[in-house]
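Taking it in order: structure first as structure tokens, then the write-up.
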Amino acid sequence: MMQPIRQIEELPEWSTRAELSQFTGISIQTLARWKVEGHGPQVTKLGGAVRYRKADVLAWLDGLSAVA
């Protein structure tokens with residue numbers, strides 16, 4: 001079992017969907033659905049694998065707080 005990520009500094013530069021799920025509390029299934037629907041943080045494919053860049057996650061989170 002992975003340890004929860006508690007601080008943004010602990011989020012890797014490139015996160016897997018599972019790591020981002022653990023950090024945000026958003027389920028892996030929801031992140032996958034959002035990718036298909038064009039929602040959520042920007043997705044990058046590295047070697048065919050879905051990854052989330054830390055800067056894109058931060059930008060997405062900043063956008064959420066601006067709306068709220």
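The values are calculated or read from the model by the stated rules, or taken from the named source; none is laboratory data. Remember, predicted model here, so these are calculated numbers, not experimental data. We place every Cβ from the backbone using ideal geometry, glycine too, and count neighbours over all the protein chains shown.
Couple of notes before you dig in:
- Whenever a residue of the range 29-49 is touching a residue at least 24 places away in the same chain (Cβ under 8 Å), its partners that are of a type outside the set (Asp, Glu) and part of a loop (DSSP other than H, G, I, E, B), lying with C-beta atoms within less than 9 angstrom and at least six residues away or across chains, give the pairs ALA49/THR16.
- Neighbours by Cβ (under 9 Å, 6+ apart or cross-chain): first from the range 13-24, under 14 Å from ASP56 (Cα atoms); second in a strand (DSSP E or B) and of a type in the set (D, E, K, R): GLU13/ARG53; TRP14/ARG51; TRP14/ARG53; SER15/ARG51; SER15/ARG53; THR16/ARG51; ARG17/ARG51
- Number of positions in the range 28-48 that are farther than 18 Å from PRO12 by Cα and part of a loop (DSSP other than H, G, I, E, B): 3
- Against the numbered list (1) part of a loop (DSSP other than H, G, I, E, B); (2) in contact with a Phe, Trp or Tyr (Cβ under 7 Å, 6 or more places away or on another chain); (3) modelled with pLDDT of 85 or more, ARG51 comes up short only at (1).
- Looking across the range 1-25, the residues that are of a type in the set (S, T, N, Q) and at pLDDT 90 or above come down to SER15, THR16, SER21.
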